[in-house]
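**Q** Just dropping this structure here.
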Amino acid sequence: MIAELGAGWLRQAHPVSETLRGEAKIKMKVSVVIPVYNERAFIEEVLARVQAVPIDKEIIVVDDKSSDGTRALLEDLEKAQSEGERDVLVQNRKSRLSLGNFRFIFQPQNRGKGAALRRGFEAATGDVILVQDADLEYNPKDYGALLEPIFDDRADVVYGSRFLGGPQRVHYFWHYCGNNYKVFRREVLQNIKLESDRFGFEPEFTAKIAKGNWRIYEVSISYAGRTYAEGKKITWKDGLSTLWYILRYNLFD
């Protein structure tokens, strides 16, 4: 595992560069994977915020057969990119979005967040993978705090928590299954098989990570929750499903 290889191997594999704080750290490319379903009101702002983060990255957007205009917008962005456009006007022509490091994937049918993430993970080429939801509940400005424990070789997996006051090592973390920011070294995926198609991805990932010998950290992040009127999709039924998945992947998998 990567935890056993040590910092020496990492420094040979990845040149030293500057982090967001200006400190010398190991340079790693980050694959930001964004599963999208019916987020027309937020998607342009989310993409602009992710693009604005000053890290070496690729942005992989996986549309899960959206029906509210999101898919059409993303198809237009892909078309502009394929025609050689370097950037496009977005947000009612108020800002420009650079297209150079985007990759767009379109699911042929709606299969759920977990399935969309698996497609994105398969396409990822970065050293580190970061899961970004396509709403505005979690802010890409927190990427620096999320990536730092991995960049300085303290962690293999980092959870973003809105309940925490500061970064810490995690030993018992089942109650953090629902936290939306998950960042991990690409090698982590080589040791687990993800199967859940929908919101079961959250407890499944956490349960399977817990069974490995990974160094797991948790850092504090900001949070701006949505109401159902604003497009929040998780309901009490998903809460019951999460409890089932926690039992399934801990007791029977």
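**Q** Suppose the filter is crowded, with 20+ Cβ neighbours inside 10 Å and within 29 Å of Glu195 (Cβ to Cβ); does Ala134 pass it? Before you say what the answer is, go through the steps one by one.
**A** Working: crowded, with 20+ Cβ neighbours inside 10 Å: yes; within 29 Å of Glu195 (Cβ to Cβ): yes.
Spelling it out, Ala134 is indeed crowded, with 20+ Cβ neighbours inside 10 Å and within 29 Å of Glu195 (Cβ to Cβ).
**Q** Can you tell me how many residues in the stretch 192-210 are in contact with a Phe, Trp or Tyr (Cβ under 7 Å, 6 or more places away or on another chain) and surrounded by fewer than 17 Cβ atoms within 10 Å (Cβ to Cβ)?
**A** Residues in the stretch 192-210 being in contact with a Phe, Trp or Tyr (Cβ under 7 Å, 6 or more places away or on another chain) and surrounded by fewer than 17 Cβ atoms within 10 Å (Cβ to Cβ): 1 in total.
**Q** Okay, next question. When residues of the stretch 84-105 are filtered for being of a type outside the set (Val, Ile, Thr) and touching a Lys or Arg at 6+ places or on another chain (Cβ under 7 Å), how many remain?
**A** Of the residues in the stretch 84-105, 6 are of a type outside the set (Val, Ile, Thr) and touching a Lys or Arg at 6+ places or on another chain (Cβ under 7 Å).
**Q** Which count do you get for residues in the stretch 78-123 that are among the small types (Gly, Ala, Ser), over 20 Å from Tyr181 (Cα atoms) and either in contact (Cβ under 8 Å) with a residue 12 or more places away in the chain or touching a helix residue (DSSP H, G or I) at 6+ places or on another chain (Cβ under 7 Å) (or both)?
**A** 4
**Q** Checking Ile129 against (1) buried (at least 20 other Cβ atoms within 10 Å of the Cβ); (2) farther than 15 Å from Pro140 by Cα, which test does it fail?
**A** Ile129 satisfies every listed condition except (2).
**Q** What residue, of Glu137, Glu148, is of a type in the set (Asp, Glu) and modelled with pLDDT of 95 or more?
**A** The unique qualifying residue is Glu148.
**Q** Tell me whether the stretch 41-59 contains one or more residues that are hydrophobic (A, V, I, L, M, F, W, C), in contact with a helix residue (DSSP H, G or I) (Cβ under 8 Å, 6 or more places away or on another chain) and under 24 Å from Ile192 (Cα atoms).
**A** Scanning the stretch 41-59 turns up at least one residue that is hydrophobic (A, V, I, L, M, F, W, C), in contact with a helix residue (DSSP H, G or I) (Cβ under 8 Å, 6 or more places away or on another chain) and under 24 Å from Ile192 (Cα atoms).
Yes/no per residue for (1) touching a Leu at 6+ places or on another chain (Cβ under 9 Å); (2) part of a strand (DSSP E or B); (3) not hydrophobic (A, V, I, L, M, F, W, C):
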| residue | (1), (2), (3) |
| --- | --- |
| Asp68 | no, no, yes |
| Arg71 | no, no, yes |
| Gln81 | yes, no, yes |
| Glu85 | yes, no, yes |
| Val88 | yes, yes, no |
| Phe104 | yes, yes, no |
| Ala116 | no, no, no |
| Gly126 | no, no, yes |
| Ile129 | yes, yes, no |
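**Q** With respect to Lys65, is the statement that it is over 16 Å from Gly120 (Cα atoms) and either modelled with pLDDT under 95 or over 15 Å from the mean Cα position of the chain (by Cα) (or both) true?
**A** Against the criterion (over 16 Å from Gly120 (Cα atoms) and either modelled with pLDDT under 95 or over 15 Å from the mean Cα position of the chain (by Cα) (or both)), Lys65 does not qualify.
**Q** Still on this structure, I have one more. Any residue at all in the stretch 77-92 that is buried (at least 20 other Cβ atoms within 10 Å of the Cβ) and in contact with a strand residue (DSSP E or B) (Cβ under 7 Å, 6 or more places away or on another chain)? Don't jump to the end; show me each part of the working.
**A** We begin by selecting, within the stretch 77-92, every residue buried (at least 20 other Cβ atoms within 10 Å of the Cβ); these are 77.
Among the residues that remain, those that are also in contact with a strand residue (DSSP E or B) (Cβ under 7 Å, 6 or more places away or on another chain) are: 77.
Yes, because at least one residue in the stretch 77-92 is buried (at least 20 other Cβ atoms within 10 Å of the Cβ) and in contact with a strand residue (DSSP E or B) (Cβ under 7 Å, 6 or more places away or on another chain).
**Q** Cβ-Cβ distance below 9 Å, separation of 6 or more or different chains: which pairs start in the stretch 45-68 with a residue that is free of Cβ contacts under 8 Å to residues at least 40 places away in the same chain and farther than 15 Å from Phe106 by Cβ and end on one that is surrounded by fewer than 19 Cβ atoms within 10 Å (Cβ to Cβ) and of a type in the set (D, E, K, R)?
**A** These pairs meet every condition: Asp56/Lys27; Asp56/Lys29.
**Q** Oh, and also: Residue check: is Arg21 modelled with pLDDT under 95, assigned to a loop (DSSP other than H, G, I, E, B), of a type in the set (D, E, K, R) and on the phi < 0 side of the Ramachandran plot?
**A** In short, yes.
**Q** State the number of residues belonging to the stretch 212-239 that are of a type outside the set (S, T, N, Q) and at pLDDT below 85.
**A** 15
**Q** If you don't mind, another one. Tell me which residues, restricted to the stretch 105-128, are at pLDDT 95 or above, farther than 19 Å from Ala52 by Cβ and touching a strand residue (DSSP E or B) at 6+ places or on another chain (Cβ under 8 Å).
**A** Within the stretch 105-128, Ile105, Phe106, Gln107, Ala116, Leu117, Arg119, Gly120, Phe121, Ala123, Ala124, Thr125, Asp127 qualify.
The values are calculated or read from the model by the stated rules, or taken from the named source; none is laboratory data. The model shown is predicted, which means the values in this text are computed figures rather than measured ones. Every residue, glycine as well, gets a Cβ built from its backbone with ideal geometry; the counts of neighbours run over all protein chains shown.
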